[in-house]
Amino acid sequence: MTDAKPDLLLIGSATPYMRDRMAEDFTVHGLPSEAERESFFAEVGPKIVAVTVYGGAGLPGDVMDRLPNLRVISNYGVGYDAVDTPRAVARGILISHTPDVLNDEVANTAILLWLATSRKLAAYDAYVRAGRWASEGNPALTRGTQGRTVGIIGMGRIGQAIAARLPVFGARILYHARSARDLPYEYFADLTEMARESEVLICITPGGPATRHLVNAEVIEALGPEGILVNVSRGTVVDEEALVAALQDGRLGGAGLDVFENEPQVPEALFAMENVTLQPHIGSASEETRRAMGDLACDNLVQFLKDGTVLTPVPECREMNARAAG
Ligand code: 8YV
């Protein structure tokens, strides 16, 4: 019976729960180390019909090329910038991702990073743990979080979930996106202009070549010495070198960062900064949300086995999916 199961390649990690679910319908293979990859591709590559992919390594074109019978890619995450989408589309391979189920968690993480950075939560936690409260007394005051002007870069599903949380902080809400939307927030076509107006800038736009270094030196400069940058999208969206330089010179007030340009590498210059909060790309990483994402990633594969479609195709594959549905 087991032999009849189609073969799936798992790239990156998955929870034990997801592995069990995938193993119900597929023979699951892990991607071996570089040294063993050539023989793996030669022996197993032609059998692989499905890939589940998680993490920054993604599914680059050269790996895809070694999987001649690949038909479906299930991306465990909403962002799929690490998958070579044009290559997959050209080959008629369907890509699914996990939208919506993580909106609230990632929005909460964005708010958390803003509040923690503004009130120096991590730095003052360390202050107490080091016994400095007792020996040095109360630390310096911080900037407050009520009544701020908050600019959001990207007004998709998660951007809207972030905006929906801001009224309790009495925030004025601005946003920058490719086009204005029918929403009760102030639209800025020009990002630098919005950054100049913002006290907090929250980045939740998709990664990939189109948004690379969208938050550049000029935008960071415009946000200014009192401004806080929060990034819960992709490290590539921010010019990290310019960000570190601005923080070092006091040209930017602070930063709450969940994502980095070269994960898991983080510029060491940030480690000692009290006005910076660092997280290891955990925006969606709660047990509940990862279970929901894992379920959707697996449901997409199950659906594909049933009728050749997926439940939540990436936008580039919607048409292909509709055609498969007949
Ligand atoms: C994942 C994410 O950690 O969904 C996303 O796009 O950023 C996170 O939920 C990511 O997919 C892992 O690379």
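Throughout, read-outs are computed from the coordinates displayed, never taken from laboratory work. These figures come from a predicted structure and were not determined experimentally. Cβ sites come from the backbone with ideal geometry, for glycine too, and all protein chains shown count toward neighbours.
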Please report how far the C-alpha centroid of the range 238-312 lies from that of the range 1-55, rounded to the nearest whole angstrom. 25
Arrange the peptides 24-31, 138-145, 251-258 so that the one whose residues have, on average, the most other Cβ atoms within 10 Å appears first. 251-258, 24-31, 138-145
Taking R0 as 56 Å and r as the Cβ-Cβ distance between Ala210 and Ser135, the FRET efficiency 1/(1 + (r/R0)^6), rounded to the nearest 0.05, comes to 0.65
Under 15 Å from a point 7 Å along the Cα-to-Cβ line of Asn69: which residues of the range 18-46 have their amide N that close? 26-29, 41-46
Of all C-alpha pairs within the chain, those more than 32 angstrom apart amount in percent to 36
The answer for the net charge of residues other than Leu112 whose Cβ lies under 14 angstrom from its Cβ, with Lys and Arg +1 and Asp and Glu -1, is -1
Any idea what angle helix 240-249 forms with the longest principal axis of the chain, computed on alpha-carbon atoms, 0 to 90 degrees, nearest 10? 10
Within the range 220-234, name every residue whose backbone N is under 13 Å away from a label modeled 7 Å from Cα of Arg165 along the Cβ vector. 230-233
For the range 94-230, what is the convex hull volume of its Cα atoms per residue in Å³? 148
The chain - percent relative contact order, Cα under 8 Å, separation 6 or more: 17
Radius of gyration, Dmax [the range 81-154; alpha carbons; angstrom]: 21.0, 65
Mind listing the phi-derived Karplus ³J(HN,Hα) values for the range 19-25, rounded to whole Hz, using 6.51, -1.76 and 1.60 with θ = phi - 60°, and x for any glycine or proline? 4, 4, 5, 5, 5, 5, 10
For the range 216-314, what Kirkwood radius comes out of the mean inverse Cα-Cα distance, in Å? 15.6
Sequence ranges 273-284, 173-184, ranked by mean other-Cβ count within 10 angstrom, highest first: 273-284, 173-184
Dividing the alpha-carbon radius of gyration of the range 220-259 by 2.2 N^0.38 Å (N being the number of residues), what value is obtained? 1.04
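Between beta-carbons, use under 13 Å as the cut-off and find the net charge around Glu274, counting Lys and Arg +1, Asp and Glu -1.
Details: positive: Arg119, Lys120, Arg132, Arg143; negative: Asp125.
Local net charge: +3.
Counting Lys +1, Arg +1, Asp -1, Glu -1, what net charge surrounds Pro225 among other residues with beta carbon under 12 Å of its beta carbon?
Within the 12 Å Cβ shell, the charges total -2.
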Descending semi-axes in whole angstrom, ellipsoid equivalent of the range 276-324, from the Cα gyration tensor: 29, 14, 5
